[in-house]
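Structure first, commentary second.
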């Protein structure tokens, strides 16, 4: 009953607000009619080639605590917000190795092959640091370091784990639109595969190419 | 009589007309070609927009960033071709072929080639015009950590639609919630703008794999909520949000779940 009243109240306030806003829109139409007649033209910015979206692939190594160091392949999609900030989504996959216990005990297998397929995806915010030009002979290349951190989901052993990560990297612009990226990140999560809850730190290093478009 | 001599006779008969025609074509070419050559000479490419500098000078940077070296200044009344953007930086070419980057804040005083002033200020927060929105939030739902990814589209200044994907991680299980929302901002002109949401979705529960498996559960959910958006710039919004999800369970009682979260979004 209570929630019914709450909802009715919300719907009423929504209706009131939209009525108020309609009245306000009328006023702005009138404002347009009597606006000053100095003509300021707009630039058609669609004619400019905007290069804020970054797409790329990477390969590297991730050390998953207890499960060895494993090859990793991933993709990223990013957006440059300002010259200082960018956001980035990552999706990557790796096949986990065997634990020392499995190696030493003979035939024991803690996870089957499917459960060893690890996939992570995450979203993070990056901050560009120390931008500058570096010189190779007579050529100058734009580059910057960045720190990045975010959160996401890691799936292995048939379970999904909340994972946060932080790290740093280097972006070298080969041209305006082609970059070479090198990243080092630590993915932190907690699992109970061995009975007790255990927080694990998983260091990843990767290199990749990205395109800005 | 073979065909070439027919042609010859024909040409002789009309030679005067032909000469006049050639002269006319040459004259026309002489008139057009220099104009075209003049048009082409300035720019390496004809992509983009040509503007005229209105301020005393505009400095060109070697790369898009405030700390980079400035290597050239374009003077008043000089023409610039803008052709590429990255964040708030514009790549320009001067008429003598120098290429560099200019911040948007330096492009406030521009004219088009017909002499009309151009509106090219850095938009303030109140000029958030981009209809698409993408963001992420983190928060808490019944004691579990949650994160949310969402995308939205604004139909009018007041009404937006949003699609959200939320995942919550507690000690014993994971919850996934996908929902579609209608969002209303009663005062879109306020910098800190309150909003209300109404939505519906599906919530799925997964227990942790290693423990004894319970049946994975799935319920429809109805959500009411509200919050506050704060326009940091015309492209970035900070956001605080409260949601109350009502799970339409098959049991006797519906279950209510509260969620608090904070995050930011980008308009594009």
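Summary of values
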read-out: Cβ neighbours within 10 Å from other chains - mean over A:40-53; value: 6
read-out: Residue-averaged beta-carbon neighbours from other chains (10 angstrom radius) around A:140-149; value: 1
read-out: Residue order, fewest to most surrounding Cβ atoms within 10 angstrom, among A:53, A:200, A:87; value: A:53, A:200, A:87
read-out: Neighbour-count order for B:160, A:100, fewest beta carbons within 10 angstrom listed first; value: A:100, B:160
read-out: Compactness of the range B:156-199 - radius of gyration and Dmax, Cα, Å; value: 14.3, 44
read-out: Neighbour-count order for A:40, A:171, fewest beta carbons within 10 angstrom listed first; value: A:40, A:171
read-out: Per-residue mean of C-beta atoms belonging to partner chains within 10 Å, peptide B:107-113; value: 1
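All of the numbers you see were taken from the coordinates with simple rules; none came from a lab. Keep in mind the model is a prediction, meaning the values are calculated, not measured. Note that we place each Cβ from the backbone using ideal geometry, even for glycine, and neighbour counts take in every protein chain shown.
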